[in-house]
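For reference, the structure discussed in these notes is given below.
The values are calculated or read from the model by the stated rules, or taken from the named source; none is laboratory data. Just so it is clear, the structure is predicted and the values come from calculations on it, not from any experiment. In this analysis, Cβ positions are derived from the backbone assuming ideal geometry, glycine residues included, and neighbour counts consider all displayed protein chains.
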Amino acid sequence: MSSPVERPPSGTAWRWLGWLWLGVITLCAVWLAWMLRHGLPADTDLTALLPADRQVPLIEAADRQLGEGFEDRFLILLHADDRVAATQALGDALETLVDDGQLARVDWRELDLADADPHDWMGAWRYRLLTPAWQQAIARDGGESLVEPALRRLFSPPARPDPVADPFGLLDAWLARQPQSPIDAADGLLTLDAQGQRHSVLIGRLAGSPYALPMQQALHATLERFQQAHPEAQLLRSGLVFHAAAGARQARHEMSTIGAASLLGVLLIIGFVFRSPRVLAQLLVPLVTGSLFALALTLGLFGRLHLLTLAFGASLIGIAIDYVLHLQCDRAIHGRAFRLRRLLPSLTLGLISSVIAYVAQALTPMPGLRQMAAFAAFGLIGAWLTVVLWLPRFKLHANPFTARLAERWWRLCQPRRGLPPWLALVLALGLIALCTLRLTSDDSLALLNPSPAALMHDEAQVQQLLDRDTGSRYFLVRAADTQALLTRLAALDKRLDQAIAAGLAIDYQSLGRSVPSAAEQDANLARVRTLYGAPLVTLIDRAGLPAEIAQAARARLDDAPRLTLTDWLATPLGQLQQRLWLGQTAPGEVAASVVLSGARSAAIADQLSAIADARPGVVYVDRVARIGTLLGELRRHTAAWIAAAMALMTLALIWRYRGRAWRVIAPPFGATLIVLAVFALTGVPLNIFNQLGLLLVLGIGLDAGIFNVEYARQPSAWLAITLSTLTSLLAFGMLAFSATPALHYLGLTCLIGLASVWLLVPWVRPREPTTSHPQPEESPHA
């Protein structure tokens, strides 16, 4: 049988609304084509999922400052039998990316990082720079104990002694205490010798953002070609660009596989049920228009589209098709008795329930999740408008198989008894008790890390070989001016040195180690004058040098300038510590960071916090722990929104369904409790992403509950609910197989929750529907 073209419920006004919607979609298509003329402005930065840090803005600035040195650089360690030839080949290949503008520069030859001799540009300040050990030696015996080492140094040619400028080797002793790079030179190449192996070092600087897709693809292709040409070479990679590229590839892969598999599964199921290519074509119309509407509005609001939004948006297929399925099932089974106005309240309530779930997600302080929620909500609204304004105008060839299938499926899934309200309440209380006793949570940063294990292993190995820290732990030190800041840094450094000597397994980088305060530099110069008294005479006499050398050496002290922080940061060594200096952060305030490395434990964190709390202007910051705290706050924030959404929906449903409202809310609420109970029994911790999955279960489950009560005894409604659940499981449940932890937990929640919704619906079905069954003798245009 075939259903006629139905006159819209509102006559001419409804028809004009349809044409208006067509105009909106046309404008979206034109605007989107113009926006995409240079390609999709996509983003792969997973940190966009993080909430904005509501702590001191200075901490955010320190985080950015410490991360800048790593965001625009990458490092590759190469080990091969023919290291020189392999390094030459890889260096030349990376140089082509510099020529193409993808990279700013690549350093891999010995001359690339050749600096002037520190003795040339630090010599003027040497008399005001003393290590703590030298300060103690001079205080103890006037420096007599330093004569013997200085004498050996004067007769050691590799030391390049200068009896006039630096007879005791002050500068060498001070330089030895500064951070030293393990990178050396050999065979004309930058080299790292560690763990019995010699690696070539290639350091790249990006020309733009590490999240730029063209650059990521070009760099990845270059390294892949090199690896194929030199399979024996071992490459260890470190840098944000590699993690961003891995995340982008993973997102693109999952977008194509999950989206394509979801669409294929939907097409197969719909083809089996409706047996009509026309129905398949009509099903695609709302999906296309909804996706087009969502893309245009999301790009307009956010400017860029995260690839995870596209991967998440691919799942939109499963929920947007619900409206089409309810409409097409009713049309295919009821034929000429089909009326849109009878379905419109239920379709509207279904849309509202789903959009409320996404709105709750959009109210979270995570920009990336707000974008996902906006994309999904816009897509659903666009699909719904197409369903109610366009689809009833299309003719539908209804295959008799669909009606027979609906009747058989209805009889097969009809339980002999319903679920009494008292039993539902007892079961719910039991599940709540189980969740209260055994459910745990996890707010670790690993939830946002999609990098493969091999890349994480490379990163950890490079960090270990280079003894380098990315600044995940640090002290933030503030003071009124630079001199006060240097004084506080010196006091903090002294306390850390004491703690390390007592067994605290850490190390640190501090500007206080490099630039003493003006008062300390003046005191150091006074100590050197003491050293240049009797100890210098003894040294010159034992070395057999002319006595006038002592006078010439002392004359150098009269012109010894102070080393300022600005002077130090302009030197090659100082540039390595540039990330530690925050400068003026507010009127009358400057700040700097002291970066920590070494062992991690709760006891160490407590000890470091205690050191900071005992000093004014010093704050201990653990970026990893802080992000975990923020994720935990967000998880609790989302839980509150879920509870609020449940309460609001319950009140609205009670207003409409009165005593039957519990039958509407039992499937989504019961499924939520089942998911939490399964997690409690299996030890899966609760996190922000499976809570977001619960929001989706809540929205889709309410849709099923509404149609289950509105059309309780109609096989067409049960067939539509089943098809809706299957397509939603294909869309969201498949995310459980994602390698991205965030999507995995979201998908796992939807897989369990949506299956639970479908299982619960028949047990709470009322004996009679809320709306009356249509009568065939009604006018076709009623």
* To do: Run Leu412 past the list (1) within 36 Å of the chain's Cα centre (by Cα); (2) surrounded by fewer than 16 Cβ atoms within 10 Å (Cβ to Cβ) and report the number of the one that doesn't hold.
  => (1)
* Asked: Does the range 88-114 hold any residues that are more than 21 Å from Gln217 (Cα to Cα) and assigned to a helix (DSSP H, G or I), and which are they?
  -> Gln88, Glu110, Leu111, Asp112, Leu113
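Only one of Ile319, Ile352 is of a type outside the set (Gly, Ala, Ser), within 39 Å of the chain's Cα centre (by Cα) and at pLDDT below 75; which? Give the derivation first.
Numbers: Ile352 fails: at pLDDT below 75.
Just a single option satisfies the conditions, and that option is Ile319.
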* If you scan the range 333-357, which residues turn out to be closer than 22 Å to Gln371 by Cβ and touching a residue at least 60 places away in the same chain (Cβ under 8 Å)? -> Ser353, Ser354, Val355, Ile356, Ala357
* To do: Please work out which residue is farthest from Asp481 (Cα to Cα), limiting yourself to the range 534-554 and to residues that are surrounded by fewer than 14 Cβ atoms within 10 Å (Cβ to Cβ) and in contact (Cβ under 8 Å) with a residue 40 or more places away in the chain.
  => Arg542
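To keep it simple, each residue is scored yes or no on (1) over 23 Å from Pro277 (Cα atoms); (2) among the aliphatic types (A, V, I, L, M); (3) in a helix (DSSP H, G or I).
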position	(1), (2), (3)
Gly379	yes, no, yes
Phe401	no, no, yes
Arg404	no, no, yes
Glu407	no, no, yes
Arg411	yes, no, yes
Ala424	yes, yes, yes
* To do: Among the numbered conditions (1) more than 33 Å from the chain's Cα centre (by Cα); (2) part of a helix (DSSP H, G or I); (3) not aromatic (Phe, Trp, Tyr), tell me where Gln461 comes up short.
  => (1)
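Name the single residue, out of those in the range 596-652 being among the hydroxyl-bearing types (Ser, Thr, Tyr) and closer than 30 Å to Gly350 by Cα, that is surrounded by the most Cβ atoms within 10 Å (Cβ to Cβ).
The selected residue is Thr638.
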* Asked: Got at least one residue in the range 712-728 being in contact with a Leu (Cβ under 9 Å, 6 or more places away or on another chain), in contact (Cβ under 8 Å) with a residue 24 or more places away in the chain and of a type in the set (D, E, K, R)?
  -> no
* Close pairs from the range 497-520: first of a type in the set (D, E, K, R) and outside any strand (DSSP E or B), partner at pLDDT below 90 and surrounded by fewer than 20 Cβ atoms within 10 Å (Cβ to Cβ), Cβ under 9 Å, at least 6 apart -> Asp497/Pro132; Arg513/Arg177; Arg513/Gln178; Arg513/Pro179
* Enumeration of residues in the range 191-218 that are more than 23 Å from the chain's Cα centre (by Cα) and either in a loop (DSSP other than H, G, I, E, B) or farther than 19 Å from Asp107 by Cα (or both) -> Ala194, Gln195, Gly196, Gln197
* Return yes when Trp662 is buried (at least 23 other Cβ atoms within 10 Å of the Cβ), part of a helix (DSSP H, G or I) and either touching a residue at least 40 places away in the same chain (Cβ under 8 Å) or touching a Ser or Thr at 6+ places or on another chain (Cβ under 6 Å) (or both) and no when it is not. => no
* Taking the residues in the range 227-247 that are in contact with a strand residue (DSSP E or B) (Cβ under 8 Å, 6 or more places away or on another chain) and hydrophobic (A, V, I, L, M, F, W, C) as candidates, determine which candidate is modelled with the lowest pLDDT. => Leu240
* Asked: Which condition does Leu563 not pass, out of (1) in contact (Cβ under 8 Å) with a residue 60 or more places away in the chain; (2) in contact with a Phe, Trp or Tyr (Cβ under 7 Å, 6 or more places away or on another chain); (3) within 23 Å of Asp141 (Cβ to Cβ), if it passes all the others?
  -> (3)
* Asked: Identify, please: which residue in the range 271-287 is of a type outside the set (Val, Ile, Thr) and surrounded by fewer than 19 Cβ atoms within 10 Å (Cβ to Cβ) and is, among those, modelled with the highest pLDDT?
  -> Phe272
* Run Thr740 past the list (1) surrounded by fewer than 24 Cβ atoms within 10 Å (Cβ to Cβ); (2) closer than 15 Å to Ile321 by Cα; (3) not charged (D, E, K, R) and report the number of the one that doesn't hold. => (2)
* **Check on Leu412, out of contact with any helix residue (DSSP H, G or I) (no Cβ under 7 Å at 6 or more places or on another chain) and free of Cβ contacts under 8 Å to residues at least 24 places away in the same chain** => yes
* Does Asp45 count as at pLDDT 70 or above, surrounded by 16 or more Cβ atoms within 10 Å (Cβ to Cβ) and among the acidic types (Asp, Glu)? -> no
* Kindly indicate whether Leu557 is of a type in the set (A, V, I, L, M, F, W, C), surrounded by 12 or more Cβ atoms within 10 Å (Cβ to Cβ), in a loop (DSSP other than H, G, I, E, B) and touching a helix residue (DSSP H, G or I) at 6+ places or on another chain (Cβ under 8 Å). => no
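Asp567: among the charged types (D, E, K, R), surrounded by 14 or more Cβ atoms within 10 Å (Cβ to Cβ), closer than 30 Å to Thr482 by Cα and out of contact with any His (no Cβ under 6 Å at 6 or more places or on another chain), yes or no? So that I can check it myself, show each step before the final result.
On the way: among the charged types (D, E, K, R): yes; surrounded by 14 or more Cβ atoms within 10 Å (Cβ to Cβ): yes; closer than 30 Å to Thr482 by Cα: yes; out of contact with any His (no Cβ under 6 Å at 6 or more places or on another chain): yes.
Judged against the criteria, Asp567 is a match.
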* Kindly indicate whether Ile674 is surrounded by 24 or more Cβ atoms within 10 Å (Cβ to Cβ) and over 26 Å from the mean Cα position of the chain (by Cα). => no
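From the list Gly239, Gly247, pick out the single residue that is under 18 Å from Ile203 (Cα atoms), in contact (Cβ under 8 Å) with a residue 12 or more places away in the chain and not aliphatic (A, V, I, L, M). Explain how you work it out, then say what you get.
Values: Gly247 fails: under 18 Å from Ile203 (Cα atoms).
Of the residues listed, the single one that is under 18 Å from Ile203 (Cα atoms), in contact (Cβ under 8 Å) with a residue 12 or more places away in the chain and not aliphatic (A, V, I, L, M) is Gly239.
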* Among (1) at pLDDT below 90; (2) among the small types (Gly, Ala, Ser); (3) over 24 Å from the mean Cα position of the chain (by Cα) - the single one Ala625 does not satisfy -> (3)
* Considering every residue within the range 143-166, establish whether at least one is surrounded by 14 or more Cβ atoms within 10 Å (Cβ to Cβ), of a type in the set (Val, Ile, Thr) and closer than 30 Å to Gln463 by Cα. => no
